[in-house]
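The values are calculated or read from the model by the stated rules, or taken from the named source; none is laboratory data. None of the values given here were measured: they were computed from a predicted structure. When we count neighbours, we look across all protein chains shown, and the Cβ atoms used for this are built from the backbone with ideal geometry, even at glycine. Note: areas computed on protein heavy atoms with side chains; ligands, DNA, RNA excluded. Shrake-Rupley method; radii C 1.70, N 1.55, O 1.52, S 1.80 Å.
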Amino acid sequence: MVVLALGLAVAGIVQALQQARSLAFRLMAPMEVRARSIADAALIQFERELMSGLQDVAGFVRTGSKEGWEPHGRFPVWMDGLFTWDGKTLGVVASPLYGVKGLKEFAEPSLKTRLEHTPSLPDSRPELIYGNVEGTTVVLACASAKDVVGRPILVVANLDLDRLKTHLVEELLPTGGDLELVNIRPDERDNPWSQQLFSAMRFWAIQPTEAFIRQQKQAVIGQTLVHLALTVLALATLLIAMWVLVRVLRREMALAELKANFVADVSHELKTPLALIRLFGETLQAGRISSESKRQEYYEIIIRESTRLAGLIDNILDFARIEAGRKEYVLEETDVVDVVRETYEAYQAQLDHAGFEHQLSVAESLPSVRADRGAIAQALINLINNAIKYSREERYLHIDVSEDTRRGKRGVLISVHDRGIGIRPEDRAHLFDGFFRASDPRVREEGGAGMGLSLVKHIVDTHNGLLDVESRLVKGSTFRVFLPAMEQRTPSSDQAVPTKPQPEEPGQKA
Ligand code: ADP
């Protein structure tokens, strides 16, 4: 089960992470597409403007000389410092930025060498040449063309990158949007969604803004957490359901076993006294017993066994009534001491006969209790019977009736103390369950159906009392029944109380 749960947990986490990835992709992909389309549009526009600008310049140049031409303003504003080359002379068309000197310096060795050795560049595509003049990146565009009189020349333009950026790319970017233009080296890029611009502006990229990415990250994290929480919840529910199922199955199996044992135990319990009654009755009837004392002993056995039988049948009937919710108690002002004394006296002969040292101690002036006399007697009988049944060498029974206060309520406490076999700690939790019998072999030696204590519990609960047990293995046990005192007697207080199930009291102590 644990392996299954772990497997499900891992599957849930993997699933949540995959969902997070696909969500991140869904959120970011449109921005990436927009950035790419802006970069593409910028490239197309750049190439178109560059081409027509270079052609325009060539169309106005008469020779490669400086004086031959004045800028006319039709070429793009980001095209700055224009030169021509006819194979012999380097002519300056316009050079506000660098002048002849600047170009010459720049042209050595890259441009000039290239111009001398590549007099005929293809007509259609301008070529970009990169360089660095005094720490500033310089990009030159050159293309072969023809001057006004049809001689082949090379037109060279210096690109003003700042203007290029402002007039070309920024125009395409919506202001205040989620995309921004950043100056960054390609190898320094830490934004996976950034789109590098065309080669003239290769240190520039269009990418979603930090704020936008942060916002999307939060959305993804939020959804992932929800997903994970749902996974954990589903898993926990599954585990709880499995746990409940296992418990229910175990309980059902235990109940089935208890019921099977119950039938066997009850039949045994009924048969033993009946067999004894019959045996001693027949012996007496045959008139073969001459001694009077022996006859008396047989009578006593018959009476004792029939009382035991009656008690057992009472327990079975009460148990059945309780199960069916038909058991009723008549609660009335009761002198508990009187009930205890009567019951104890009825047992004295049996206790003497069984070799018990026994005593009853009663405190003076105890409060009155609203109780069902018969039920209290029955509870006490069950406790005394158990003390007798579960005692071995140390045969001792002490019943004590005193005043006590529990949970802030005054009342009467009846304690039944024995020095018998005691109860194992693991059995104590189930002691008051119906049909429960400890697995201790010394318990199994004795007859019993596991109904006595559950009846005691029911009776005590109906009286709003408390039942607990203190026990040490081999040393003995003390069962305590606490009955709250009557608060005030009212004329209507004597009434039958149906056996509604009472709330469970944690009525046990180790
Ligand atoms: P039964 O005595 O018929 O088995 P009970 O409901 O009276 O059923 O008691 C339930 C179990 O509690 C007993 O089987 C026994 O294991 C344990 N028990 C009850 N009273 C005592 C006692 N005085 N000493 C030791 N064990 C006891």
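ALA241 - would you say it is open to solvent by less than 50 Å² (accessible area, probe 1.4 Å) and either basic (Lys, Arg) or closer than 15 Å to ALA5 by Cβ (or both)?
Considered against the rule, which asks whether it is open to solvent by less than 50 Å² (accessible area, probe 1.4 Å) and either basic (Lys, Arg) or closer than 15 Å to ALA5 by Cβ (or both), ALA241 comes out as no.
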Review point. Assuming MET451 fulfils every condition listed in (1) open to solvent by less than 20 Å² (accessible area, probe 1.4 Å); (2) modelled with pLDDT of 90 or more apart from one, which condition is it?
Key: (2)
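What strands (runs of 3 or more DSSP E) completely inside the range 129-237 contain at least 1 residues that are more than 58 Å from the chain's Cα centre (by Cα) and without any contact (Cβ under 8 Å) to a residue 12 or more places away in the chain?
Working: elements: 136-146, 152-159, 179-183, 204-208.
Where strands (runs of 3 or more DSSP E) fall fully within the range 129-237 and carry at least 1 residues being more than 58 Å from the chain's Cα centre (by Cα) and without any contact (Cβ under 8 Å) to a residue 12 or more places away in the chain, they are 136-146.
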Study note, to complete from the structure: Those residues of the range 458-487 which are surrounded by fewer than 22 Cβ atoms within 10 Å (Cβ to Cβ) and basic (Lys, Arg) amount to ARG472, LYS475
Practice item. Go through the range 424-446 and count every residue that is open to solvent by 20 Å² or more (accessible area, probe 1.4 Å) and more than 38 Å from the chain's Cα centre (by Cα). Key: 5
Check your understanding: Is it true that some residue in the range 286-306 is touching a helix residue (DSSP H, G or I) at 6+ places or on another chain (Cβ under 6 Å) and within 16 Å of the ligand (Cβ to nearest atom)?
Key -> no
Check your understanding: Residue check, GLU364 against (1) within 26 Å of ARG278 (Cα to Cα); (2) surrounded by fewer than 20 Cβ atoms within 10 Å (Cβ to Cβ), all met but one. Which one?
Key -> (1)
Review point. Just to be sure, is GLU257 within 37 Å of the chain's Cα centre (by Cα), farther than 30 Å from LEU4 by Cα and of a type in the set (Asp, Glu)?
Key: yes
Point to revise | Every pair of residues 6+ apart whose Cβ atoms lie under 6 Å, when the first sits in the range 468-487 and is in the same structural domain as ARG424 (by TED's automatic domain parsing) and more than 15 Å from ALA438 (Cβ to Cβ) while the second is β-branched (Val, Ile, Thr) and surrounded by fewer than 20 Cβ atoms within 10 Å (Cβ to Cβ) | key: GLU470/THR478
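Taking the stated definitions as given, is GLY7 in the same structural domain as LEU197 (by TED's automatic domain parsing), open to solvent by less than 80 Å² (accessible area, probe 1.4 Å), out of contact with any helix residue (DSSP H, G or I) (no Cβ under 9 Å at 6 or more places or on another chain) and not in a loop (DSSP other than H, G, I, E, B)?
Answer is yes for this residue.
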Check your understanding: Of the residues in the range 419-443, how many are near the ligand (Cβ under 10 Å from one of its atoms) and in contact (Cβ under 8 Å) with a residue 60 or more places away in the chain?
Key -> 7
Exercise for review: Look at GLY281 and say whether it is modelled with pLDDT of 90 or more, open to solvent by less than 60 Å² (accessible area, probe 1.4 Å) and part of a loop (DSSP other than H, G, I, E, B).
Suggested key: no
Exercise for review: Quickly run through the range 284-304 and pick out the residues that are open to solvent by 60 Å² or more (accessible area, probe 1.4 Å) and of a type in the set (S, T, N, Q).
Suggested key: GLN285, SER290, SER293, GLN296
